[in-house]
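Asker: Sending over a structure as structure tokens; questions will come in a sec.
The values are calculated or read from the model by the stated rules, or taken from the named source; none is laboratory data. Values in this document were obtained by computation on a predicted structure and should not be read as measured data. Note that each Cβ is placed from the backbone with ideal geometry, even for glycine, and that neighbours are counted across all protein chains shown. Calculation scope for accessible area: heavy atoms of the full protein, side chains included, ligands and nucleic acids excluded. Shrake-Rupley method; radii C 1.70, N 1.55, O 1.52, S 1.80 Å.
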Amino acid sequence: MTTFEVSTVVPEPRRPWDHSRGTLLRVGVLVTLSGIFGWLLNTLTGLSGFLGWYVGLAFAMPVVAFVGSVRHGWNLASDRVASAVITVAFAAVTIPWVSIFVTVYQKGSKAFHSKYLTDDMRITPSSDVIQNGGVAHAIIGTLMMVLIASLIAVPLGILAAVYIVEIKGRFAKLVRFLTQAMSGVPSIVAGLFIYATVVVFFGGFSAWAGALALVILMLPTVARTSEEILKIVPEDLRTASYALGATQSRTTFRVVLPTIASGLVTAAVLGIARVVGETAPLILTASYFVAKSTSLNEPIASLPIYIFSSLGLGDENATTRAWGGSLVLLGVVFILFAIARTISTRLARK
Amino acid sequence: MQTLDTPTEPREIETHYTRVDRVFRGFVTSCALFSLVVLILIAAFLLYRGFEIFADFGLSFITTSKWDIGNPEDTSTAVLGIGAMLVGSVVTAVIAILVAVPFAIASALFIEFYAPRLLRTILTSVLDLVAAIPSVIFGIWGYVVLLPLVEDWSGTLYKYLSWFPLFDVQTPIFGRSPLLAGLLLSIMILPIVTSVAREVYGQAPRDLIDASYALGGTKWAGIRTVVLPFGKSGLVGGAMLGLGRAMGETVAVYLTLNLVFKTNFQILASAGGNVASLIANKFGEATDYELKALMAAGLVLFLVTLLVNFFATVIVNRSRKIV
Amino acid sequence: MSLIIQGQIQRGECAFDLQEEFSPGEVVAVVGPNGSGKSTLLSVVAGLLGLAEGSMSLNGRCLDSSKDNVYVEPEQRDIGMMFQSLHLVGQMTVVDNVALALRARGASRSDAHTTAREQLVAVGASHLAERKASALSGGEAQRVALARAIAARPAVLLLDEPLSAIDAASKEPLRAVLAAVLQEFKGITLLVSHDSADVSTLASRSISLGG
């Protein structure tokens, strides 16, 4: 029997090069020697700390790899040197990543106290001691704006994908192209646009305006991801639906979209992750507020602006608050990512 | 019944949709064209709001490097131009690209060809996650962690290389310099450039690589002769996508680059700015006339990034099509 | 009141002329070797493929004519098709799958579900109603697909190898179900099958393609 599940099982490409035990030993010796060299460089010259040590290691490793293999000929030596350079360069790339995660965690956790997630800054100046105030207002504001933005951007994004994949209309190529172009609109420009229209016409900063700016930034991500997912729905499923008398609209809404529902959730989550930390457009649209507020027509707080404005004050407690906000924001992004990952692996496994 | 020898071309069939489907198709089409409407509206509104500036200053708005509102009561005394900011946008974005691209190539090759399978799946996820780190977090990290490091490095660079104009400064203060902003941007755009590079490298003809390997070539020989030439145009597109991102970045640059209205090519000097950070910086206390200038600046930024992204998209799409 | 096909059918290398009239109540077996165009004929009737030349009409309504450039889309043809590979919608429940064709013809949700459940009883699958279609065994899915094709009482029922892909033991009971269902059915049935036992027990006549 054949029922339809979406399958994304990609056959694993063949890899003729496998890691043998000999390779591991060789790499071990290589790294150890280079590490010692890095340490030597560290103690003999002005380079200091982990970075200094790493710079030493990074320069030593290709040299050690070359010296160790050149007796086997030029070809092998160049291969070993290339492996060393590529690995060292990639490892260097991960240093800032680790540093960001670690710093945000270490500095951010200092801002936490028992009521950090439930209090606002209504009666607390940013420079006040850490035990007062919290980020609840910013969390509420971010959630509200992101929710409104999703309610608009997710359907629009999915429909744009439906247009490209299901309707295959005359403008399909144009729409795909425009969506890609739209993903490159700088976030501050989206903010300026909403300021020039919504904020100016309706007389002031508001949660509404913030949400609309986020729509512009969210739409391309949702459309693009939905398109990729729609493409993996087998054509036979549509044909079968037509042959039972279902119209194209019914086929799309009742058969195709429900089949990939979890994939569309992934698209929405990735779109949310894209905009949840947007700062620049909110400066120009939602502005800032210090208390919990759910009014759509008033300025509203948000996590990114909470971080940004706390940082601008230069006060030590305010800076700690900025790190605390960063930790919360990074946590939100993490959770969103974990959700998207879980759903899409479940989708792939089916 | 008879079997024909020469099958003819299938006849053209016109499709007639039911009324429900016509409504459905019309509705979806109009929603899909929303992005077109938005792009046009952005350009139109920024032009409308900033038109007075273009009328008053003409081309000098993008060549002058001065931001002086003069007498707030009298707009004719104002001299406004974003020349320095445009230069700053380009300088920081170019530093970002020059640093990010080699590392992105190495990372893409590492993930695609060197990492063990398990590590490869993990790294792909991590790459996506890093790409989603909000720019304000990059900004605060750049300001607090990277700034002292780069200040230190700048001192060393200045000490040994100040004979080279790029590394010279008037006064040896290295704080929030284009180098710092550029390095931070390079860290921010690395995930997207790496993703694109990884995608095109992954599509390199596996049988050619295998063939190179089977003929006694090393892994590096296969990469050098097959993978890198194959992925060249895709990489250029990816780099341009990164360039577009870097030029449009606001908050991270705002936090790590001193806003000074001076055309500055000395990347160690604590002066510069880009168009996006100018808008964020001046927006809060802007006069009406200044706001119009910010709209005009926004339009210039919009058009420049649109152009960069246009070419990037064309190049990336073309390299996808070849596959 | 009949289905009349006069024309040329063609897909890829396979092409043939057909002049046939099918009457309501008939169960016509379409037989022939692989690649002779049996499934292609069903696709043409369903409207998934146009006639290469000629015309086709159902109950006096022109469905397809190369001369007058008429082509009615599949969803407007009043047909029900059971595919060889079934194509149930895996994420939907069984009863939702069966109700699909009824809902497509404008029935309300509750009416469609009532009729769908009756149809499931008729094929002996009523206990499966609330299951996800993806969780069915081969024989169960075959029953559900049959119920789905016939539930809306289409003018033409197209069955592409309805008894294939199941083991011999479950084939007999299923054939009995199919016979009973077809007995009740007032429309035209076109049945593609490889098995001569199916043809002799189910069909009232047969046409043979490809020689």
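Asker: Would you confirm whether or not segment A:184-207 contains a residue that is open to solvent by less than 10 Å² (accessible area, probe 1.4 Å), under 30 Å from A:Val255 (Cβ atoms), of a type in the set (Val, Ile, Thr) and in contact with a Leu (Cβ under 8 Å, 6 or more places away or on another chain)?
Answerer: No, there is no match, as no residue in segment A:184-207 is open to solvent by less than 10 Å² (accessible area, probe 1.4 Å), under 30 Å from A:Val255 (Cβ atoms), of a type in the set (Val, Ile, Thr) and in contact with a Leu (Cβ under 8 Å, 6 or more places away or on another chain).
Asker: Here's another thing I want to ask about it. Looking only at segment C:190-211, count how many residues are in contact with a helix residue (DSSP H, G or I) (Cβ under 8 Å, 6 or more places away or on another chain), under 14 Å from C:Leu178 (Cα atoms) and open to solvent by less than 30 Å² (accessible area, probe 1.4 Å).
Answerer: 6
Asker: Among B:Ala239, B:Ala269, B:Ala221, which is the only one that is of a type in the set (A, V, I, L, M) and either part of a loop (DSSP other than H, G, I, E, B) or over 30 Å from B:Ala312 (Cα atoms) (or both)? Let's see the steps before the verdict.
Answerer: Values: B:Ala239 fails: either part of a loop (DSSP other than H, G, I, E, B) or over 30 Å from B:Ala312 (Cα atoms) (or both); B:Ala221 fails: either part of a loop (DSSP other than H, G, I, E, B) or over 30 Å from B:Ala312 (Cα atoms) (or both).
So the residue among B:Ala239, B:Ala269, B:Ala221 that is of a type in the set (A, V, I, L, M) and either part of a loop (DSSP other than H, G, I, E, B) or over 30 Å from B:Ala312 (Cα atoms) (or both) is B:Ala269.
Asker: Please indicate, with yes or no, whether at least one residue in segment B:111-133 is under 25 Å from the mean Cα position of the chain (by Cα), within 11 Å of chain A (Cβ to nearest Cβ) and acidic (Asp, Glu).
Answerer: Yes: segment B:111-133 contains one or more residues that are under 25 Å from the mean Cα position of the chain (by Cα), within 11 Å of chain A (Cβ to nearest Cβ) and acidic (Asp, Glu).
Asker: Within 30 Å of A:Thr266 (Cβ to Cβ), within 13 Å of another protein chain (Cβ to nearest Cβ) and of a type outside the set (Ser, Thr, Tyr): is that true of B:Val136 in this structure?
Answerer: Against the criterion (within 30 Å of A:Thr266 (Cβ to Cβ), within 13 Å of another protein chain (Cβ to nearest Cβ) and of a type outside the set (Ser, Thr, Tyr)), B:Val136 qualifies.
Asker: Suppose we filter segment C:1-60 for residues that are charged (D, E, K, R), surrounded by 21 or more Cβ atoms within 10 Å (Cβ to Cβ) and within 11 Å of another protein chain (Cβ to nearest Cβ); how many remain?
Answerer: Keep residues of segment C:1-60 that are charged (D, E, K, R), which gives C:11, C:13, C:17, C:20-21, C:26, C:38, C:53.
Right, trim to surrounded by 21 or more Cβ atoms within 10 Å (Cβ to Cβ) and you get C:38.
Going one step further and asking which of them are within 11 Å of another protein chain (Cβ to nearest Cβ), we end up with none.
Looking only at that region, the number is 0.
Asker: Now for a different question. Return the pair list, or none, for Cβ contacts closer than 9 Å from residues in segment C:10-24 that are farther than 11 Å from C:Val44 by Cβ to residues that are of a type in the set (Lys, Arg), at least 6 apart or on different chains.
Answerer: C:Pro24/C:Lys186
Asker: Quick check on my filter: what residues within segment B:42-64 are facing another protein chain (nearest Cβ under 7 Å) and within 23 Å of the chain's Cα centre (by Cα)?
Answerer: Listed by number, the residues that qualify are B:Ile42, B:Leu46.
Asker: Find the helices (runs of 4 or more DSSP H) located wholly in segment A:200-296 whose residues include 2 or more that are within 23 Å of the chain's Cα centre (by Cα) and under 21 Å from B:Ser35 (Cα atoms), and list them.
Answerer: Helices (runs of 4 or more DSSP H) meeting the threshold: A:207-230, A:261-275, A:280-285.
Asker: So, one more: Only one residue in B:Ala239, B:Ala286, B:Ala276 is in the same structural domain as B:Ser186 (by TED's automatic domain parsing) and open to solvent by less than 10 Å² (accessible area, probe 1.4 Å). Which one?
Answerer: Values: B:Ala239 fails: open to solvent by less than 10 Å² (accessible area, probe 1.4 Å); B:Ala286 fails: open to solvent by less than 10 Å² (accessible area, probe 1.4 Å).
Result: B:Ala276 is the single residue among B:Ala239, B:Ala286, B:Ala276 that is in the same structural domain as B:Ser186 (by TED's automatic domain parsing) and open to solvent by less than 10 Å² (accessible area, probe 1.4 Å).
Table: residues versus (1) within 20 Å of the chain's Cα centre (by Cα); (2) surrounded by fewer than 17 Cβ atoms within 10 Å (Cβ to Cβ).
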{"residue": "A:Val88", "(1), (2)": "no, no"}
{"residue": "A:Lys107", "(1), (2)": "no, no"}
{"residue": "A:His113", "(1), (2)": "no, yes"}
{"residue": "A:Thr118", "(1), (2)": "no, yes"}
{"residue": "A:Met121", "(1), (2)": "no, no"}
{"residue": "A:Val135", "(1), (2)": "no, no"}
{"residue": "A:Ala149", "(1), (2)": "yes, no"}
{"residue": "A:Pro155", "(1), (2)": "no, yes"}
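Asker: How do the pairs read when you match residues in segment A:211-239 that are outside the structural domain of A:Ser249 (by TED's automatic domain parsing) with residues anywhere that are of a type in the set (Gly, Ala, Ser) and modelled with pLDDT of 95 or more, using Cβ under 7 Å and keeping only pairs 6 or more apart or on different chains?
Answerer: Once the first residue is outside the structural domain of A:Ser249 (by TED's automatic domain parsing) and sits in segment A:211-239, no partner that is of a type in the set (Gly, Ala, Ser) and modelled with pLDDT of 95 or more comes close enough.
Asker: Shifting gears a bit: Output yes when any residue across segment B:209-222 is polar (S, T, N, Q), modelled with pLDDT under 90 and open to solvent by 30 Å² or more (accessible area, probe 1.4 Å), and no when none is. Break it down stepwise before answering.
Answerer: So in segment B:209-222, the residues polar (S, T, N, Q) come out as B:212, B:218.
When the remaining residues are screened for being modelled with pLDDT under 90, the result is B:212, B:218.
When the remaining residues are screened for being open to solvent by 30 Å² or more (accessible area, probe 1.4 Å), the result is none.
Within segment B:209-222, not a single residue is polar (S, T, N, Q), modelled with pLDDT under 90 and open to solvent by 30 Å² or more (accessible area, probe 1.4 Å).
Yes/no per residue for (1) at negative phi; (2) in contact with a Gly (Cβ under 6 Å, 6 or more places away or on another chain); (3) modelled with pLDDT of 90 or more; (4) part of a helix (DSSP H, G or I):
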residue: B:Ser65; (1), (2), (3), (4): yes, yes, no, no
residue: B:Gly70; (1), (2), (3), (4): no, no, no, no
residue: B:Val94; (1), (2), (3), (4): yes, no, yes, yes
residue: B:Leu118; (1), (2), (3), (4): yes, no, no, yes
residue: B:Ile133; (1), (2), (3), (4): yes, no, yes, no
residue: B:Val145; (1), (2), (3), (4): yes, no, yes, yes
residue: B:Leu157; (1), (2), (3), (4): yes, no, no, yes
residue: B:Tyr160; (1), (2), (3), (4): yes, no, no, yes
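Asker: Oh, and also: Based on what the data block shows, is C:Ala135 facing chain A (nearest Cβ under 8 Å) and not hydroxyl-bearing (Ser, Thr, Tyr)?
Answerer: Against the criterion (facing chain A (nearest Cβ under 8 Å) and not hydroxyl-bearing (Ser, Thr, Tyr)), C:Ala135 does not qualify.
Asker: Sticking with this structure for a sec: Any idea how many residues of segment A:275-318 are crowded, with 24+ Cβ neighbours inside 10 Å and under 16 Å from A:Ala211 (Cα atoms)?
Answerer: The number of residues fulfilling the criteria is 17.
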